[in-house]
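Step one of this worksheet: look at the structure below.
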Amino acid sequence: MFVVIAALDLEVAGFIRRRGLRRAEGPDGIEAFEGEGAAALISGVGKERAERAAEIAVSRYSPDVVVSAGVGGATTEEYKTGDVLECGRVAAGSALGIETPVIEMDGDGAHLCLTVPGLIGYPESKRAIGLMDVAVVDMESYWVADTAVRRGVEARVVRAIIDEVDYEIPAWVWGMKKRGGALRMLARRPWRTPALMKLAWKAEVAERALNRALVSMAGEFIYGRVGGREN
C-alpha cells in the first residue's frame, strides 16, 4: 500500500482524483481517501497532527511506504517555483540550526529537508537555513518520517517549491486560516489583490507539479512491487 500524508487537501487533490481515491471514514480531524493500492490522509498543519496521521497510516493500512508530501520553501537560488524535490534526508530545526538526528531514507532523493515549527517567509531566514546544506523547508515531513521509521515502515519525503528563496511571503497571508478568509480580507483591503494573486499562482504551479510527481511515483511503486512479486 502506497500512503500519502499531506497537511492540506489542496496539496494532493490531483493525486486523489487521478488515482481514483474515494473519501472514507476517518478519525476526528483526519480526512481519509482510499483506493486500489493507495491511500491519502489529510493531517492538518504541524507536528502533532503529522505524527497522529502517520500513526493512523501505519495501523490502518500496514503500508509498504508512507510519503510525506506537500509544498515547501526553497532555501537557495537553485530551486524555483514548481521544482519537485525528493528528499533523501530529513531533520527538524529552525533558522538557528538542526535540532534532531537526521533521518536517512530509501529512494533516489539526495536533498536535505528541514522541518520547522512555523512558517518561514523571510528571505534572510531561508538563506540562513540554506547554509546548513538544506534544500527545502516544511512543517510536517520530519514528524511523519520519524513516526513511520520507528514503526518499521519505509518513509519518503516529496516537496514542491512554492516560494523561492528571495520571495517574501506577506505576513498578512498567515492570518487567512479559515475558508473564505482571502475574500473577506480583499473586500477590506483590495490593494493586496496583486500580491495574493501572485501567491495563488505559485501555489497552483507547485501543486500541479507535486501531483504529477506523486501519480508517477505511486504507479512505479505499486506496479513495480506487483511485477517484482510475479517475477
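The values are calculated or read from the model by the stated rules, or taken from the named source; none is laboratory data. Computed from a predicted structure; not experimentally measured. Because the Cβ atoms are built from the backbone with ideal geometry, glycine has one as well, and the counts that use them run over all protein chains shown.
So the values come out like this:
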| read-out | value |
| --- | --- |
| Residue 54 touching an Asp or Glu at 6+ places or on another chain (Cβ under 9 Å), buried (at least 24 other Cβ atoms within 10 Å of the Cβ) and in contact (Cβ under 8 Å) with a residue 40 or more places away in the chain | yes |
| Every residue from the stretch 139-154 that is surrounded by fewer than 24 Cβ atoms within 10 Å (Cβ to Cβ) and in contact (Cβ under 8 Å) with a residue 40 or more places away in the chain | 139, 146, 147, 149, 151, 153, 154 |
| Only listed residue being in a helix (DSSP H, G or I), within 13 Å of the chain's Cα centre (by Cα) and in contact (Cβ under 8 Å) with a residue 24 or more places away in the chain, chosen from 12, 66 | 12 |
| Among residues of the stretch 29-76, those that are of a type in the set (A, V, I, L, M, F, W, C) and at positive phi, counted | 0 |
| Residue within the stretch 9-31 that is modelled with pLDDT of 95 or more, under 23 Å from residue 114 (Cα atoms), touching a strand residue (DSSP E or B) at 6+ places or on another chain (Cβ under 7 Å) and of a type in the set (A, V, I, L, M) present | yes |
| Inter-residue pairs, beta-carbon under 6 Å, first surrounded by fewer than 17 Cβ atoms within 10 Å (Cβ to Cβ) and in the stretch 69-97, second part of a loop (DSSP other than H, G, I, E, B) and hydrophobic (A, V, I, L, M, F, W, C), 6+ apart | 76/165; 77/165 |
